[in-house]
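The values are calculated or read from the model by the stated rules, or taken from the named source; none is laboratory data. Just so it is clear, the structure is predicted and the values come from calculations on it, not from any experiment. Positions of Cβ are generated from backbone atoms using ideal geometry, with glycine treated the same way; all protein chains shown enter the neighbour counts. Surface accessibility is based on the protein's heavy atoms, side chains included, excluding ligands, DNA and RNA. Shrake-Rupley method; radii C 1.70, N 1.55, O 1.52, S 1.80 Å.
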Amino acid sequence: MDRDSKKLFHKVIVDLLCLGSVGFPVLMFYMFGSPYQRGFFCGDESIRYPFKESTVSSSILYTVGLGLPTLVILFIEYSMRNNEQSRYSLLGTPIPNWLYSVYNNILWFLFGAACSQLTTDIGKYTIGRLRPHFLDICKPDVDCNNIINKTKYNEDFTCGGERPNKFTDSRLSFPSGHSSLSFYCMVYLALYLQARIKTSKYGMARSLAQFVVILMAVFCALSRVSDYKHHWSDVLAGAILGITTATITVSQMINCNNKKKIFKRIKCKD
């Protein structure tokens, strides 16, 4: 293995280790996480809403949120391919510059998504805020008609609802995971388009695309309130988290790519 191949091989190993070091705790939270057991007041109207199915399901969120930016990156990087000599090789096989750029940009995207999700999970499991539909899901064995329980902070109770698989989830309201991930993915995509494509003739088309993807994130976030999945403050916190993570990730990506001289912007002639 030549020197360039070794450097690229080491980079891939380090990149995957970094991604795994953030992604693995997310998996552990999903499999074994136990949220803080917060109590409730019988008179708390913010947790008395009925349970509704999600307008934007988790499968749609992950498919569109992770898939759309990935496809756009693939399309743009492939469209920008040229006949320049490959700067990278692995095991003696030249790697096209556009393919390396795809790998580099998508790895940054996935790393930021994992960071956003891990931060969200830490908040969810540490705070254990009750969702707006908590009482409908849990149906605690507490007699709220009892005058003592009406003003008491009830901590010693057992859920007796018909959806035991939702008991843990009903305690994971803050911050909103749908909001943080959707805003991360769509803001990342909007910033990627801004950094990668410099247009004058078709600048409005790029702005329209950026507006549409941000609007998708806004719709996803607002649906979490109308579906009684989150309180408005959960959604706001999730959106801020996603936007902040996307901004930092894109800034770091651009900085690293500029140092390697592989990040050229598309310039369109008027």
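Points to keep in mind about this one:
- Matching option when the condition is in contact with a strand residue (DSSP E or B) (Cβ under 6 Å, 6 or more places away or on another chain) and more than 30 Å from Arg81 (Cβ to Cβ), among Phe183, Phe167: Phe167
- When residues of segment 88-145 are limited to those that are open to solvent by less than 10 Å² (accessible area, probe 1.4 Å) and touching a Gly at 6+ places or on another chain (Cβ under 7 Å), the one nearest to Met28 (Cα to Cα): Thr120
- Conditions (1) surrounded by 22 or more Cβ atoms within 10 Å (Cβ to Cβ); (2) in a helix (DSSP H, G or I); number of the one not met by Ser207: (1)
- When residues of segment 32-82 are limited to those that are among the aliphatic types (A, V, I, L, M) and without any contact (Cβ under 8 Å) to a residue 40 or more places away in the chain, the one surrounded by the fewest Cβ atoms within 10 Å (Cβ to Cβ): Leu71
- A single entry from Leu191, Leu181, Leu172 fulfils the requirement of being farther than 30 Å from Val72 by Cβ and either of a type in the set (S, T, N, Q) or crowded, with 16+ Cβ neighbours inside 10 Å (or both): Leu172.
- Yes/no for Ile214 being closer than 30 Å to Lys52 by Cα and surrounded by fewer than 16 Cβ atoms within 10 Å (Cβ to Cβ): no
- Residues that are in a helix (DSSP H, G or I) and farther than 26 Å from Leu61 by Cα within segment 72-121 comprise Ser79, Asn97, Trp98, Leu99, Tyr100, listed in sequence order.
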